[in-house]
Amino acid sequence: WPFSYSKCDDKIRNSQEINGCTNVQHYGMKAKTGRGAPEIDVLEAMPGEAGPLPNTHIERPYFSTSLQVAPGLRKNRPNTGSLPKHGHWYSDLEYGNVTNSSINNFFYGVTLVHEPKSYTYQSDAISANTHIGETYFKKQHKYKVEWEPPEEDSTGGYLRWYLDDEFVFGVSGMSLEIAQSEIPSEPMYLIMNTAVSSSWGFPKPCPEECDCECYRCGDDDCTCGLPDGFCGNFPAYFLIDYVRVWQAKNESKHNIGCSTEERPSELFIKGHEERYMEKGDRRPLKPIQRGGGICSIDDDCGGPKNGVCSNRNVCQCYGGFTGPRCLADDGFYDHVYRPKQPNLHFTGMVIPHGFLFTFLILAIGFGLAFSYFVRQRDREQILDNDEIPTIEYSNHDNGMQSPIMHSYQNSASIDYTIPKQKMVNYCVIDKRLIDT
């Protein structure tokens, strides 16, 4: 998280596990293609009392729309609460006139620290704030984002946010050139939830009379650091009328599924299942519960078309609906991508040029040393042969032969008679050798 980067950079390749320097297609992925998990935030709200904020015309309450991406800018980063200097932040960002949106100068991203240090990297939040009124907490409004992925060469694409069909904020592929990142091309999923951040906008600056060691409603020692009226918001509800996802027809960049031909991930997840499981899990994805949610009337189960509340006060879903309370369509993918299993084959070994040069030098040195050793051995043998006597044989009347020994320097012969040898016969009895 949240890399959107396909270039090969030795400075950050340790931080991005699947990076543009990879030449091998591990787990069916494309070679030299960086992968990551960027984040597109449609809505993150900041409540609070209205009043001026530093270096912006935006007042509380407001909401942020953001693209969180890595790698981020490593030098000359703007300070939190201040506006960035020219050339030190992303350019050509668009802001809506009707919505009166502005740069989010309260959050520029985070440095993700890892050990060893070479794994540490910077992520950026390219974000805009838009002021909203009390009605946005009591009535429904329409929030929209347009996402056009980049081309295969990582150029182009854009993100545009809208509030009630009015333009709010826009980021183009050209804007990201300063960090050489790209508009996200990864398959992503939607998350709609209610969450309270412990670092962004909450808690408020700690008052002098409070130690701010705890934050808990109902405990006087733990409420002094909470925003005024905060505990009166609970229980809180996030009511969503509908979610609609549209895609362009006959557009190759608009794909369906979590693992596509351009960005496959199924085999990688299977090879690293432990990363996607909590303690006690047997597999990363749990089965979807169909029915079984607690109910008192049929409307608790999605209404008469979705399901019915049984006599046991649990939901029973009709065909085409699923979930504990039958609120979700029982959908599926029409075309699930399955990568072809390649035939096993051996490719030529790639040997670095430096290794070849070193091996050549060693081979030449070994050859010269071996040649020198052979020449020295032959020379010593020639010197030794000058002192080796030669033997000739002469016949005697008794049928024996006598050797006549002389050297190369001295031709005087030496008459030496070989004594007559005794003939002995042996036989084997009970596996023992017996002299007969």
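The values are calculated or read from the model by the stated rules, or taken from the named source; none is laboratory data. From a predicted model like this one, the values you see are computed outputs, not experimental measurements. Neighbour counts run over all protein chains shown; Cβ positions are idealised from the backbone, glycine included. When the accessible area is computed, the model is the full protein with side chains, heavy atoms only, and any ligands, DNA or RNA have been set aside. Shrake-Rupley method; radii C 1.70, N 1.55, O 1.52, S 1.80 Å.
Observations on the structure shown:
- Take each peptide in 366-374, 64-72, count the other Cβ atoms within 10 Å of every residue, and average; sorted highest first, the result is 64-72, 366-374.
- Computed log₁₀ I(q)/I(0) - Debye formula, equal Cα scatterers, no solvent, region 121-193, q 0.20, 0.24, 0.25 Å⁻¹: -1.00, -1.22, -1.27
- A simple count of charges around Gly170, restricted to other residues whose Cβ falls under 12 Å of its Cβ and scoring Lys, Arg +1 and Asp, Glu -1, yields -3.
- Peptides 276-289, 254-267, 157-170, ordered by how many other C-beta atoms sit within 10 Å of their residues on average, highest first, read 157-170, 254-267, 276-289.
- Burial ranking of peptide ranges 47-53, 233-239 (average Cβ count within 10 Å, highest at the top): 47-53, 233-239
- Inter-site label distance for Glu134 and Glu262 at 7 Å from Cα along Cβ, in nm: 4.7
- Pairs exceeding 31 Å between alpha-carbon atoms, taken from Lys85/Lys138; Lys7/Lys117; Lys85/Lys142; Lys138/Lys249: Lys85/Lys138; Lys85/Lys142; Lys138/Lys249.
- Accessible-area composition of region 1-68, carbon plus sulfur, in percent [1.4 Å probe]: 48
- Of the solvent-accessible surface of region 255-306, computed with a 1.4 Å probe over protein heavy atoms with every protein chain present, carbon and sulfur atoms account for 53 percent.
- Alpha-carbon Debye profile of region 72-149, log10 I(q)/I(0) at 0.19 Å⁻¹: -0.98
- Relative contact order (%) - region 116-197, alpha-carbon pairs under 8 angstrom, separation at least six: 21
- For region 215-274, the solvent-accessible area with a 1.4 angstrom probe is 76 square angstrom per residue.
- Environment charge at Glu151 (Cβ cut-off 11 Å; Lys +1, Arg +1, Asp -1, Glu -1): -3
- Span per principal axis, largest first, for the Cα atoms of region 15-114 (Å): 55, 29, 28
- Solvent-accessible area of Asp228 with every protein chain in place, 1.4 Å probe, in Å² to the nearest 10: 130
- Environment charge of Ser66, counting only residues whose C-beta is closer than 11 Å and scoring Lys/Arg +1, Asp/Glu -1: -4
- With N the number of residues in region 134-290, Rg(Cα) / (2.2 N^0.38 Å) evaluates to 1.43.
- Computed from the C-beta positions of Ser118 and His57, the FRET efficiency with R₀ = 41 Å rounds to 0.50.
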